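The values are calculated or read from the model by the stated rules, or taken from the named source; none is laboratory data. All values reported here derive from a predicted model rather than from experimental measurement. Heads up, the Cβs are rebuilt from the backbone with ideal geometry, glycines too, and the neighbour counts pull from every protein chain shown.
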Amino acid sequence: MNTELEVMKVVAEHLGLSVEDLERQAYLRDDLNLSPIEINDLLAKLSQKFQISFNPDEVEGLQKIEDLIVVVEDNLLD
């Protein structure tokens with residue numbers, strides 16, 4: 001499984017976009033206009049899809065799609 005692509009698919013689906021419309025470097029709030037509640041919803045979807053749970057400390061500083069990919073990959077290794 002390509003974790004990066006799967007995370008991008010979840011983000012794209014959440015935003016009603018295609019994966020091609022997204023960039024790893026896109027900021028969740030500034031570029032994608034996600035509110036803190038929407039980011040939490042997105043984290044819940046990722047948690048369910050990958051069957052992982054996030055530590056509040058590790059998701060506190062999420063800013064970019066790339067950060068989401070890294071935190072998911074880190075949790076898959078645990």
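Okay, here's what the table says:
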{"item": "Options LEU46, LEU17, LEU34, LEU42: the member that is buried (at least 16 other Cβ atoms within 10 Å of the Cβ) and part of a loop (DSSP other than H, G, I, E, B)", "result": "LEU34"}
{"item": "Test for ASP67: is it modelled with pLDDT under 95, in a helix (DSSP H, G or I) and charged (D, E, K, R)", "result": "no"}
{"item": "Filter result for LEU5 (among the hydrophobic types (A, V, I, L, M, F, W, C), out of contact with any Phe, Trp or Tyr (no Cβ under 8 Å at 6 or more places or on another chain) and surrounded by fewer than 16 Cβ atoms within 10 Å (Cβ to Cβ))", "result": "yes"}
{"item": "Where a residue in the stretch 56-69 is surrounded by fewer than 15 Cβ atoms within 10 Å (Cβ to Cβ) and its partner, wherever it lies, is of a type in the set (Val, Ile, Thr), with Cβ under 8 Å and at least six apart", "result": "GLU58/VAL71"}
